[in-house]
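Colleague: Provided herewith is a single structure, encoded as structure tokens, for subsequent inquiry.
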Amino acid sequence: MGLEEAPSGFLLTTVEDIAGYLRKASLWPVTFGLACCAIEMMAAGTSRFDLSRFGMEVFRASPRQADLMIVAGRVSQKMAPVVRQVYDQMSEPKWVLSMGVCASSGGMFNNYAIVQGVDHVVPVDIYLPGCPPRPEMLINAILALHHQIQESPLGVNRVEAAKAAEAAALEATPTFEMKGLLR
Amino acid sequence: MTDSPEYKPLRPTKGPIGRALAPVAGFGVTLGSMFRPTVTEQYPFEKVPPQQRYHGRHQLNRYPDGLEKCIGCELCAWACPADAIYVEGGDNADLPDGAHMSPGERYGRVYQINYLRCIFCGLCIEACPTRALTMTEDYELAGPTRAGMIYEKPDLLAPLSDGMLAAPHPMAEGTTDTEYYRGEVTAPTAEQVAWVREHRPDDPTLDAAAKVVDGQAPPPTPRRHQLRPPATRSGAARSAAGTGQ
């Protein structure tokens, strides 16, 4: 019986805390720079901002060795299947950070060429506004994601949380029916 | 090749000691950098403030007596190149007993900025005729949901500083919106305090405003808003349906 199948309870919550701590302290981002946001993403890795203080200085070019996808830049319709493929190639557990307004919602490019939010293609864990966001904003978003990872459940709890999230997503108003700014 | 009589290197060649140390010469750079000052900013622990007039998140300002500056004219929404702003105006005449949310005829009843569209260009700031909308230096905006990234009027409005009287209340007596624009209204007046005492006796801003009227406290100075607390920022319960659209 592996760790993932262990029954939930006191023991697993302790393991969850430890696993969450270890996971958040060693995120391996996959490079997915698509536009100008990628420049700020690179700047966040340089010595002035120094992402390696949080254990993630190595931007992997290979998705199978990575567990965080930073989608930096506008996703065109033609790039969307590539984003999905790279996401599918990453190993579980994996997270997606949507960096910049273009990746998050299409931003100012409200037209036929740009996917209106990368969450149409992959599930996004944290959105980061800004055009482009400054490196501090990226670090702030990553730290918020660290907090999410620390709190994330494991094993049976993870399956239940995934089921609850799916049920909530099915209940929610679909994007095309939304009014106002959310459309 | 180098021994051929036609070739003479332009750079001076190294002597025997230089050639012997060549494999480790690169470490000279490493060693030298150890004695240079560190350039790393310890961001989340020590925040370096951005440049002045940095285009951070927006703030809706207030007049010194607590009335809002936004008049719901939608010029910011028209100026926005990314269609990130949604404004609905309301008539001050529709408020009961001569109350005003802003000086003049209209106020911003619904005000939303979608930070997943906003590109922080500042065209909305240039468009605003009453300087109601300005930008702050706050840039920590990340959030887990799309709906939570739509900031609404309570999130954007500047906080009431000490001595300001919470809107709605009537305009200062004998003034029009012109006096407000000119900055001639510097504090709440006795009539405004009396009106609020009659209509909302348990208003938390009432005591501080009464002190200003009595001259026991200095007139209020506008204050920057604080960061939206993380509890409301997750905004899972927010939806477009619940915002009065």
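Colleague: Taking all pairs of different Cα atoms in the protein assembly as shown, averaging 1/r and flipping that mean, what Kirkwood radius in angstroms comes out?
Modeller: Value: 25.2 Å, from the Cα pair sum.
Colleague: Among A:MET90, B:MET34, rank each residue by its count of other Cβ atoms within 10 Å, from fewest to most, as a rough exposure measure.
Modeller: B:MET34, A:MET90
Colleague: Could you tell me which of B:THR186, B:CYS118, B:GLY26 has its Cα farthest along the dipole of chain B towards the positive end, charges placed at Cβ (Lys, Arg +1; Asp, Glu -1), taken about the Cα centre?
Modeller: With unit charges placed on the Cβ atoms, the residue in question is B:GLY26.
Colleague: Charges only on Cβ, +1 for Lys and Arg, -1 for Asp and Glu: so what's the dipole of region A:28-171 about the Cα centre, in debye to the nearest 20?
Modeller: 400
Colleague: What net charge is computed for the residues neighbouring A:VAL101, neighbours being all others with C-beta under 11 Å from the C-beta of A:VAL101, Lys and Arg scored +1, Asp and Glu -1?
Modeller: +2
Colleague: Now, a different point. Plugging the Kirkwood radius over Cα pairs into Stokes-Einstein for region A:78-119, at a temperature of 37 °C and a viscosity of 0.692 mPa s, what D comes out in µm²/s?
Modeller: The Stokes-Einstein estimate is 295 µm²/s.
Colleague: For chain B, just run the numbers: alpha carbon Rg, then divide by 2.2 N^0.38 Å, N being how many residues it has.
Modeller: 1.62
Colleague: Lys and Arg at +1, Asp and Glu at -1: add these up for the other residues within a Cβ distance under 14 Å of B:ASP207 and post the number.
Modeller: It works out to a net charge of -1.
Colleague: Take every Cα-Cα pair in chain A and report what % of them are more than 25 Å apart.
Modeller: So the pairs more than 25 Å apart make up 38 percent of the total in chain A.
Colleague: If you don't mind, another one. For chain A, what does the relative contact order come out to in percent, with C-alpha contacts under 8 Å and a separation of six or more?
Modeller: Relative contact order of chain A: 24 percent.
Colleague: Further, regarding this structure: Once the piece of chain linking B:GLU179 and B:HIS199 is laid out straight, how much longer is it, given 0.36 nm per residue of separation minus the C-alpha distance between them?
Modeller: 4.7 nm
Colleague: Right, something else. In percent, how large is the relative contact order of region B:1-121, given Cα pairs closer than 8 Å and 6 or more residues apart?
Modeller: So the answer I get is 19 percent.
Colleague: Let me ask another. Dipole of chain B (Lys/Arg Cβ +1, Asp/Glu Cβ -1, origin at the Cα centre): which of B:TYR86, B:THR38, B:CYS70 lies farthest to the positive side?
Modeller: B:THR38
Colleague: Going by how many other Cβ atoms sit within 10 Å of their own, how do A:ARG23, B:ARG19 line up, fewest first?
Modeller: B:ARG19, A:ARG23
Colleague: Also, quick follow-up: Per chain B: cysteines with no other Cys C-beta under 4.7 angstrom?
Modeller: B:CYS70, B:CYS73, B:CYS80, B:CYS118, B:CYS121, B:CYS128
Colleague: May I ask you to derive the FRET efficiency for A:GLU57 and A:LYS163 from their Cβ-Cβ distance with R0 = 22 Å, giving the value to the nearest 0.05?
Modeller: 0.05
Colleague: Can I ask one more? Treating only the Cβ atoms of Lys and Arg (+1) and Asp and Glu (-1) as charged, compute the dipole magnitude of chain B about its Cα centre; round to the nearest 20 debye.
Modeller: Dipole about the Cα centre, nearest 20: 1740 debye.
Colleague: Whole-Hz Karplus ³J(HN,Hα) for region B:153-161, in order, using 6.51 cos²θ - 1.76 cosθ + 1.60 and θ = phi - 60°, x for Gly and Pro?
Modeller: Using θ = phi - 60°, the values come out as 4, x, 6, 8, 5, 5, x, 6, 7 Hz.
Colleague: Efficiency by 1/(1 + (r/R0)^6): what FRET value for B:PHE27 and A:GLN89, r their Cβ-Cβ distance, R0 = 45 Å, to the nearest 0.05?
Modeller: 0.70
Colleague: What ranking do B:TYR181, A:TYR87, B:TYR111 get, fewest neighbouring Cβ atoms within 10 angstrom at the top?
Modeller: Ranking B:TYR181, A:TYR87, B:TYR111 by Cβ neighbours within 10 Å, fewest first, gives B:TYR181, A:TYR87, B:TYR111.
Colleague: Here is a further query. Can you check what the net charge comes to around A:ASP67, using other residues whose Cβ is under 14 Å from the Cβ of A:ASP67 (Lys, Arg +1; Asp, Glu -1)?
Modeller: With Lys, Arg at +1 and Asp, Glu at -1, the neighbours total +2.
Colleague: What residues of region A:68-99 lie in the reach of a label at A:ALA43, counting those whose backbone N is under 19 Å from a point 7 Å from the Cα along Cα→Cβ?
Modeller: Only A:70-74, A:98-99 fall inside the zone, counting backbone N under 19 Å.
Colleague: Show me, for region B:78-87, the HN-Hα J-couplings you get by feeding each phi into the Karplus relation (A = 6.51, B = -1.76, C = 1.60, θ = phi - 60°), rounded to Hz, glycine and proline as x.
Modeller: Once θ is set to phi - 60°, the couplings for region B:78-87 become 6, 6, 5, x, 10, 6, 8, 10, 10, 10 Hz.
Colleague: If the reach is capped at under 22 angstrom between alpha carbons, list the lysines near B:LYS69, excluding any in the same chain fewer than eight residues apart.
Modeller: B:LYS153
Colleague: Could you work out how far apart the two model spin labels at B:LEU10 and A:ALA25 are, taking each label as a point 7 Å from the Cα in the direction of the beta carbon, and quote it in nm?
Modeller: Roughly 5.3 nm, to one decimal.
Colleague: Please compute the contact order of chain B in relative form: average sequence separation of alpha-carbon pairs under 8 Å and at least six residues apart, divided by the residue count, as a percent.
Modeller: That works out to 22 percent.
Colleague: Of B:GLY15, A:ALA35, A:SER62, which is farthest on the positive side of the dipole of the protein assembly as shown, counting Cα position, with +1 on Lys and Arg Cβ, -1 on Asp and Glu Cβ, and the Cα centre as origin?
Modeller: After comparing all options, I get B:GLY15.
Colleague: Right, here's the next one. At what distance in nm do the modelled label points of B:ALA190 and A:THR173 sit from each other, each positioned 7 Å from its Cα along Cα→Cβ?
Modeller: 5.0
Colleague: Pick out the long, greasy-scoring helices in chain B: whole DSSP H runs spanning 18 Å or more along their own axis by Cα, mean Kyte-Doolittle at least -0.5.
Modeller: none
Here, each number is a calculation from the coordinates, and none is a lab measurement. Note that the structure is predicted; figures quoted are calculated from it, not measured. All Cβ positions, glycine included, derive from the backbone under ideal geometry; neighbour counts span all protein chains shown.
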